[in-house]
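Chemist: The structure is given below, and queries will be raised subsequently.
The values are calculated or read from the model by the stated rules, or taken from the named source; none is laboratory data. Bear in mind that the values here come from a model prediction, so they are computed numbers and not experimental data. Methodologically, a virtual Cβ is constructed for each residue, glycine included, from the backbone with ideal geometry; neighbour enumeration extends over all protein chains shown.
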Amino acid sequence: MKEGRNLKNKINIKEKNLVEGIDFYFENGLMVLTEYFLLERGFCCKNDCRNCPYKNKIS
């Protein structure tokens with residue numbers, strides 16, 4: 001948990017209100033992040049997100 005806080009400080013994530021339909025949507029009761037949101041975040045979290053725009057760029 002401590003590591004997550006340090007990562008947040010290092011990459012300076014902006015806190016914002018998520019907008020359903022733009023940043024995420026629900027599928028089968030699960031929240032799915034959109035490609036738009038993931039691009040705005042600016043990095044791959046390596047959690048194999050469904051809409052990850054970085055999938056083909058990971059080496």
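Chemist: Would it be correct to say that E3 is modelled with pLDDT of 95 or more, surrounded by fewer than 10 Cβ atoms within 10 Å (Cβ to Cβ) and over 14 Å from the mean Cα position of the chain (by Cα)?
Modeler: Numbers: modelled with pLDDT of 95 or more: no; surrounded by fewer than 10 Cβ atoms within 10 Å (Cβ to Cβ): yes; over 14 Å from the mean Cα position of the chain (by Cα): yes.
No: the conditions fail for E3.
Chemist: Taking the stretch 9-53 as the search range and keeping residues that are on the phi > 0 side of the Ramachandran plot and at pLDDT below 95, which one is nearest to the chain's Cα centre (by Cα)? Spell out the reasoning first.
Modeler: Start the filter on the stretch 9-53 by keeping residues that are on the phi > 0 side of the Ramachandran plot, which leaves 12, 21, 28-29, 42, 46, 48.
Within this subset, residues satisfying the condition of being at pLDDT below 95 are 12, 42, 46, 48.
Values: N12: 14, G42: 8, K46: 10, D48: 10 Å.
Within the stretch 9-53, the match that is nearest to the chain's Cα centre (by Cα) is G42.
Chemist: Of the residues that sit in the stretch 19-59 and are in a loop (DSSP other than H, G, I, E, B) and of a type in the set (D, E), which one is surrounded by the fewest Cβ atoms within 10 Å (Cβ to Cβ)?
Modeler: Narrowing the stretch 19-59 to residues in a loop (DSSP other than H, G, I, E, B): 19, 21-23, 28-29, 34, 42-54, 58-59.
With of a type in the set (D, E) added as a condition, the list becomes 23, 48.
Values: D23: 17, D48: 9.
Here the residue is D48.
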